[in-house]
1. Quick check on my filter: what residues within segment 90-106 are farther than 18 Å from F21 by Cβ, part of a loop (DSSP other than H, G, I, E, B) and either touching a strand residue (DSSP E or B) at 6+ places or on another chain (Cβ under 8 Å) or without any contact (Cβ under 8 Å) to a residue 24 or more places away in the chain (or both)?
2. Surrounded by fewer than 10 Cβ atoms within 10 Å (Cβ to Cβ), more than 30 Å from E27 (Cβ to Cβ) and among the hydroxyl-bearing types (S, T, Y): does that describe S112?
3. Please enumerate the residues belonging to segment 31-52 that are in a loop (DSSP other than H, G, I, E, B) and within 21 Å of the chain's Cα centre (by Cα).
4. Check off (1) out of contact with any helix residue (DSSP H, G or I) (no Cβ under 8 Å at 6 or more places or on another chain); (2) assigned to a strand (DSSP E or B) for F80 and give me the number that stays unchecked.
5. Write out, first by first residue and then by second, each pair whose Cβ atoms fall under 6 Å of each other, whose residues are 6+ apart or on separate chains, and whose first residue, in segment 38-66, is surrounded by 16 or more Cβ atoms within 10 Å (Cβ to Cβ) while the second is assigned to a helix (DSSP H, G or I).
Amino acid sequence: MDWFRNMQIDSEDDHLILGDFNLIRKEADRNKPRGDIKDMFRFNAAISQLGINEIKLQGRKYTWSNKQYDPLLEKLDWVFTLENWGTSYPTTSVLAMEMVPSDHCPCVVTISTSIPKTKVFRFETFWLRHHGFQQVFSQS
């Protein structure tokens, strides 16, 4: 945990921090009860201290399995960014894929700078003055 907590991150740059941390953030990150509460506390404290934000995983809840008959499932793989990442890359997403043959599922990080635009119809008043408007409007 020390290497993570003591990372030197320049808050002016865009950083993506990802990987198998072998740690969970909360009890719901496991499909079975238990988990080390102290480790969860330390992991979340380090995340807070670094001022980083989690990019939520899509596609599945857990990223690791012990592959047993009654499997233990945990979310051990995480993707974090600094606050300014969302301004530069607002549509970044993390998608978990199928867990074959590894005990971890691969995650695909998609980074994009384009902001999706909604398809909204806007009526422009100058259209009323356009030659042929009344005819087009009547036909519609």
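1. T91, T92, M97, E98, V100, P101, listed by residue number.
2. no
3. Within segment 31-52, N31, G51 meet the criteria.
4. (1)
5. A46/F4; A46/R5
Residues are listed down the side, and each one gets a yes or a no for (1) modelled with pLDDT of 95 or more; (2) of a type in the set (G, A, S); (3) closer than 23 Å to V109 by Cα:
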position: S11; (1), (2), (3): no, yes, yes
position: H15; (1), (2), (3): no, no, yes
position: R34; (1), (2), (3): no, no, no
position: F41; (1), (2), (3): yes, no, no
position: Q49; (1), (2), (3): no, no, no
position: I52; (1), (2), (3): no, no, yes
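The values are calculated or read from the model by the stated rules, or taken from the named source; none is laboratory data. Not measured: the values here are computed from a predicted model. Note that we place each Cβ from the backbone using ideal geometry, even for glycine, and neighbour counts take in every protein chain shown.
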